[in-house]
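Throughout, read-outs are computed from the coordinates displayed, never taken from laboratory work. What you see is a predicted model, and the numbers here were worked out from it, not measured in a lab. Using ideal geometry, Cβ is built from the backbone for each residue, glycine included, and neighbour counts are taken over all protein chains shown.
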Amino acid sequence: MNHHFQVFLLAILALLPLSREAIGQRTYALGVGGGAAIPVGKLSDSQKTGYNGIVALALGAPDLPIGVRIDGIYNTFGLRTVPAGSSSSDFRVIGGLFNLIFTFSGTNAKPYVIAGGGLYNTKSDAPGAKSKNDFGFNAGLGATFAVGPFATFLESRYHTISRNAANGGVVQFVPITVGLLF
């Protein structure tokens with residue numbers, strides 16, 4: 001197992017509540033969502049807007065404005081211009097992210113700020129392309145809206161993946177996601 005990935009997993013485990021009292025007071029929600037994934041920076045030179053999907057586990061305490069969210073993400077971008085006689089070269093990003101969320105009070109809508117980092121796996125579907133694992137960061141804004149026993153969320157985050165120039169350089173994108181928390 002990759003050393004960086006092991007350190008990342010240990011950091012997540014260390015930040016989860018360990019006491020019986022903290023576990024009894026914790027609230028959680030499972031979320032799923034999807035939407036558009038917009039390439040920015042150098043990525044937008046070759047790729048066009050694609051789509052994203054997310055699975056999230058949100059953890060927090062009832063009376064605290066700060067919480068933790070662990071996300072699994074999937075984003076794919078189509079090739080902007082396909083050369084004649086060749087097949088499309090989609091570019092995909094899969095990631096496991098650890099985020100902190102700061103929520104603001106609200107009645108039906110609760111805005112929040114989200115920021116964190118994690119391990120991203122990138123790959124082009126061009127012949128001979130290999131996948132690459134790199135660390136990256138994300139930050140953004142969102143809001144949750146109460147809908148009966150569930151909540152919906154709308155958020156947008158800026159992701160930047162730190163890759164060296166030999167591996168194609170930094171990758172940046174902005175997914176706009178709509179989802180459901182239950």
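Gain on full extension, evaluated as 0.36 nm per residue between R80 and L141 minus their Cα-Cα distance, stands at 19.2 nm.
Each listed q (0.11, 0.13, 0.14, 0.20 Å⁻¹) maps to a log10 I(q)/I(0) for segment 32-181 from the Debye sum over equal C-alpha point scatterers, namely -0.45, -0.60, -0.68, -1.20.
Footprinting exposure proxy ranking of S156, S131, S124, fewest other C-beta atoms within 10 angstrom first, gives S131, S156, S124. Taking a Cβ cut-off of under 10 Å around V171, the surrounding Lys, Arg, Asp and Glu residues balance to a net charge of +2, with basic ones at +1 and acidic ones at -1. By the rule of a C-alpha distance below 12 Å, with chain neighbours fewer than 8 residues away ignored, the aspartates and glutamates paired with K110 are E155.
With a cut-off of at most 14 other beta carbons within 10 Å, and DSSP calling the residue loop, which trypsin sites (Lys or Arg not before Pro) in segment 127-182 qualify? Please list them. Qualifying residues, ordered by number: K130.
For K123, the aspartates and glutamates whose Cα comes closer than 20 Å to its Cα, not counting residues fewer than 8 places off in the same chain, are D45, D71, D90, D134. Under 8 Å for C-alpha pairs, at least 6 residues apart: give me the relative contact order for segment 32-181, rounded to a whole percent. Answer for segment 32-181 is 22 percent.
Within a Cβ distance under 15 Å of S44, other residues only, what is the Lys/Arg minus Asp/Glu net charge? Could you put the intermediate results ahead of the total?
Values: positive: K42, K48, R80; negative: D45, D90.
Every neighbour counted, the sum reads +1.
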